[in-house]
1. Treat each spin label as a single point 7 Å out from the Cα along the C-beta direction, and report the residue 72 to residue 147 distance in nm.
2. Can you sort 184, 55 by 1.4 Å-probe accessible area, starting with the largest?
3. So what's the convex hull volume per residue for the Cα atoms of the range 1-41, in Å³?
4. Could you do me a favour and compute the accessible area per residue for the chain, 1.4 Å probe, result in Å²?
5. Tabulate in residue order the Karplus-calculated ³J(HN,Hα) for the range 51-63, using 6.51 cos²θ - 1.76 cosθ + 1.60 with θ = phi - 60°, rounded to whole Hz; enter x for Gly and Pro.
6. Expressed as a rounded percentage, what relative contact order does the chain have, with Cα pairs under 8 Å and six or more residues apart?
7. Each label point is 7 Å from the Cα along the Cα-to-Cβ direction; what then is the distance between the points at residue 34 and residue 101, in nm?
8. For a label point 7 angstrom out from the Cα of residue 112 toward its Cβ, which stretches of the range 39-82 have the backbone nitrogen within less than 18 Å?
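The values are calculated or read from the model by the stated rules, or taken from the named source; none is laboratory data. Just so it is clear, the structure is predicted and the values come from calculations on it, not from any experiment. Here the Cβ is made from the backbone with ideal geometry for all residues, glycine too, and neighbour counts use every protein chain on show. Ligands, DNA and RNA are excluded from the accessible area calculation, which covers all protein heavy atoms including side chains. Shrake-Rupley method; radii C 1.70, N 1.55, O 1.52, S 1.80 Å.
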Amino acid sequence: AGAIPIQMDITSEISIGEAIEKVVNAHSRIDALVNSAYPRNKSYGKGFLDVSYNDFCDNVSLHLGGYFLTTQLFSKHFANQGGGSIINFSSVYGVIAPRFQIYNNTPMTMPVEYAAIKSAIIHLTKYAARYFKGKNIRVNCVSPGGIFDNQPETFCEAYNEFCSNTGMLDYKDINGTVLFLISDMAKQINGQNIIVDDGFSL
């Protein structure tokens, strides 16, 4: 059977359960979950001193909470199925402190919620990988650097100064790492965070 498009709300246990059921009905099994959703509220993206406590908690709940819920529910399915792979998406800013200087002279910033969430996703990944020892469930993480999306030229130039060769990523640059982690070639890789950033974090 070919691919089937399914909408899934990662903050809803019912929605995740329905998605799992639809995929199993269509393909009889699920090999992997690639967790790349990016939920956030309308106030997301303010400067550190302008973020309200409620908005901070809301965004952590949506994003980190959603990754927890999908990891939990897909892990239950994988345990019953006899195994599976989970790949969570973090970020280079889950690994290093923000390089605030690259945002100078742009309307952009590096949201505090993002840094807190993405660093927590890496540890959630390690926690789950250890928790499911002996269940044939692998849980790994991919941390991309900045992905080009028509950001201001001044930002791109400042960002690329920290890179080794090509600079900002195309979203396709991450595909190989994800496919590798899903495949049997990565069967001994568990609880790891793979950084794909053209050396930005060095």
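1. Taking the two extended label points, one gets 2.6 nm.
2. 184, 55
3. 76 Å³
4. 56 Å²
5. 7, 7, 4, 5, 5, 4, 5, 5, 5, 5, 5, 5, 7
6. 22 percent
7. Result: 3.5 nm between the two label points.
8. Counting backbone N atoms under 18 Å from the label point, the list is 41-64.
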